[in-house]
Amino acid sequence: MAEPRSDVDLVLPCRDEAAALRELLPRVPAGLSVIVVDNGSTDGTAEVARALGARVVSESRPGYGAAVHAGLMAATAPFVVVMDGDGSFDPTAALPLVETIRRDEADLALGSRRPVAPGAQPWHARVGNRLVLAALRRRTGLRLRDIAPLRAARREALLGLGVADRRSGYPVELLDRAARAGWRVHEEDVDYHPRTAGTRSKVSGSVRGSFRAAYDFWRVLS
């Protein structure tokens, strides 16, 4: 007998995350159907994901927003979770966020990162996060603790926001549009671990990457 189709798609935007996926995908709980968006990997990310049962979508345009949007377009479930595929999150942390949306207690549920080990979130990433959130608060009144790379929502509603950024500014534009649309935003702490050895963040992995992302954030809010 075929297993019932999940009503939740877990979208993992990835570039060169093969090492992380080997550890992450076997820990994805039942009830989450995985879509790995390969955003130009050269380390066999797509092959590892397929071998471990994930559906793989290729997105040739570089950029976090491009990868997330490709995953949302490929998703078919009514609920979606977007999560970094670098091993920094326990995928079970997505379940309470989904339930918040399923119970119609919020329109957007965010996992606020709570570092559990030194080095999980570099200083320059923390500083940039705070500055952007302060600007977002002044602009929209939305008071949050994190930009939140782990989030859950209804797929159609999320696409309906019309987020246009295809680079690092995507999550900030999403929050800005959600606030302006009157969305109910729920935030809860989730453990945040150092990314899997053998992978490197394209944003917080260097001061240069963080400044590039900060530019994208400010461009979205300008």
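The values are calculated or read from the model by the stated rules, or taken from the named source; none is laboratory data. No experiment lies behind these values; they were computed from the predicted model shown. Positions of Cβ are generated from backbone atoms using ideal geometry, with glycine treated the same way; all protein chains shown enter the neighbour counts. Ligands, DNA and RNA are excluded from the accessible area calculation, which covers all protein heavy atoms including side chains. Shrake-Rupley method; radii C 1.70, N 1.55, O 1.52, S 1.80 Å.
Which one of these does A2 not meet: (1) crowded, with 21+ Cβ neighbours inside 10 Å; (2) at pLDDT below 95?
With (1) crowded, with 21+ Cβ neighbours inside 10 Å; (2) at pLDDT below 95 applied to A2, the lone miss is (1).
Mind checking which pairs have a first residue in region 60-73 that is more than 11 Å from C14 (Cα to Cα) and open to solvent by 50 Å² or more (accessible area, probe 1.4 Å) and a second that is part of a helix (DSSP H, G or I) and of a type outside the set (F, W, Y), Cβ under 8 Å, 6 or more apart or different chains?
M73/L159
If you go through region 103-124, how many residues are in a helix (DSSP H, G or I) and under 20 Å from D90 (Cα atoms)?
Summing the residues that are in a helix (DSSP H, G or I) and under 20 Å from D90 (Cα atoms) in region 103-124 gives 0.
Identify, by number, the condition in (1) assigned to a helix (DSSP H, G or I); (2) modelled with pLDDT under 90 that A178 doesn't meet.
So the condition that A178 fails would be (2).
Out of V37, V11, V57, I need the residue that is outside any helix (DSSP H, G or I), open to solvent by less than 20 Å² (accessible area, probe 1.4 Å) and free of Cβ contacts under 8 Å to residues at least 60 places away in the same chain. Which one? Steps first, please.
Numbers: V11 fails: free of Cβ contacts under 8 Å to residues at least 60 places away in the same chain; V57 fails: open to solvent by less than 20 Å² (accessible area, probe 1.4 Å).
Residue meeting the stated conditions: V37.
Within region 42-54, how many residues are touching a helix residue (DSSP H, G or I) at 6+ places or on another chain (Cβ under 7 Å) and open to solvent by less than 50 Å² (accessible area, probe 1.4 Å)?
5
Can you find a residue in region 80-99 that is free of Cβ contacts under 8 Å to residues at least 40 places away in the same chain, surrounded by fewer than 17 Cβ atoms within 10 Å (Cβ to Cβ) and out of contact with any Gly (no Cβ under 6 Å at 6 or more places or on another chain)?
Yes, the conditions are met somewhere in region 80-99.
Considering R145, R138, R113, R155, which residue is in contact (Cβ under 8 Å) with a residue 24 or more places away in the chain, open to solvent by 10 Å² or more (accessible area, probe 1.4 Å) and either hydrophobic (A, V, I, L, M, F, W, C) or over 21 Å from G65 (Cβ atoms) (or both)?
R145
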